[in-house]
Amino acid sequence: MTDLDRLASLTATELSSLLTASESAPVDKHGGDWLAIVQLLTARLTEEGGTLTAEELNLGATALDVALDSAEQAGVIDRNEAAIRRLNLMSVLLRLRGPNPDVALLNPQRMYGLFSTAVPLSAAQIREVPPNWRALDVDTIRRLRLVKNLVVPLLGVKSILEQAGFADNLAVWEDALPRLP
């Protein structure tokens with residue numbers, strides 16, 4: 001059995017424990033391996049998210065940080081892709097479990113903070129985007145697409161984020177969404 005096959009047979013908690021224990025963490029992995037580990041961990045946390053304890057979810061959040069950082073260092077994803085993956089996982093888990101400020105992956109404030117740090121344009125800048133964004137240069141279109149990929153997970157848990165005090169912020173981004181490619 002290959003190492004990735006062995007990792008694929010682990011539960012979310014087992015995989016998280018392995019990734020966060022320095023003496024047993026996978027080493028000498030290539031970029032594709034780290035991307036596979038990110039996908040495995042994300043899948044396990046999604047599949048098992050409804051039954052994991054708060055402690056296990058926090059361990060999973062730490063393991064996800066390790067896996068995403070390693071994938072970034074290996075050059076298979078960039079900081080933007082890492083933020084999108086975190087936000088999407090948080091969105092799924094928040095819909096599944098609801099908010100919990102003591103769990104990193106279920107904390108609405110942390111989610112909005114991650115979004116705010118990652119988003120490369122302000123809502124005011126988005127409002128200035130012409131209706132025909134296809135006429136813009138490729139780099140601008142990519143930045144607009146990044147914004148959309150960051151906004152969509154937030155809107156997936158809109159009611160939870162509104163209850164956490166982000167209603168006005170979300171309204172601005174929801175209004176901007178149709179202008180994004």
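Odds and ends about this structure:
- Yes/no for G98 being of a type outside the set (D, E, K, R), farther than 23 Å from T20 by Cβ and in contact (Cβ under 8 Å) with a residue 24 or more places away in the chain: yes
- Residue match in region 162-173 (condition: among the hydrophobic types (A, V, I, L, M, F, W, C), under 28 Å from A61 (Cβ atoms), within 18 Å of the chain's Cα centre (by Cα) and in a helix (DSSP H, G or I)): yes
- Applying the set (1) of a type in the set (G, A, S); (2) more than 19 Å from M111 (Cα to Cα); (3) open to solvent by less than 50 Å² (accessible area, probe 1.4 Å) to A67 leaves exactly one unmet item: (2).
- Members of region 76-122 that are part of a loop (DSSP other than H, G, I, E, B) and open to solvent by less than 60 Å² (accessible area, probe 1.4 Å): V76, I77, G98, N100, V103, N107, V119, P120, L121, S122
- Residue, most open to solvent (accessible area, probe 1.4 Å), within region 141-181, restricted to residues that are modelled with pLDDT of 95 or more, polar (S, T, N, Q) and within 17 Å of P108 (Cβ to Cβ): Q163
Residue by residue, here is whether (1) touching a Leu at 6+ places or on another chain (Cβ under 9 Å); (2) of a type outside the set (S, T, N, Q); (3) assigned to a helix (DSSP H, G or I); (4) crowded, with 20+ Cβ neighbours inside 10 Å holds:
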site	(1), (2), (3), (4)
E47	no, yes, yes, no
L52	yes, yes, no, yes
E55	no, yes, yes, no
A61	yes, yes, yes, yes
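- Tally, over region 3-14, of residues that are surrounded by fewer than 12 Cβ atoms within 10 Å (Cβ to Cβ) and either over 18 Å from S70 (Cβ atoms) or under 21 Å from the mean Cα position of the chain (by Cα) (or both): 2
- Extreme residue, nearest to N169 (Cα to Cα), among residues of region 123-146 that are in a helix (DSSP H, G or I) and charged (D, E, K, R): R127
- Taking region 15-45 as the range and being open to solvent by 60 Å² or more (accessible area, probe 1.4 Å) and either touching a strand residue (DSSP E or B) at 6+ places or on another chain (Cβ under 7 Å) or at pLDDT 95 or above (or both) as the test, only Q39 passes.
The values are calculated or read from the model by the stated rules, or taken from the named source; none is laboratory data. This structure is a prediction, so every number in the text was calculated from the model and none was measured. Quick reminder, even Gly has a Cβ in these numbers, built from the backbone with ideal geometry, and neighbours come from all protein chains shown. The accessibility values were calculated without ligands, DNA or RNA, using every heavy atom of the protein model including side chains. Shrake-Rupley method; radii C 1.70, N 1.55, O 1.52, S 1.80 Å.
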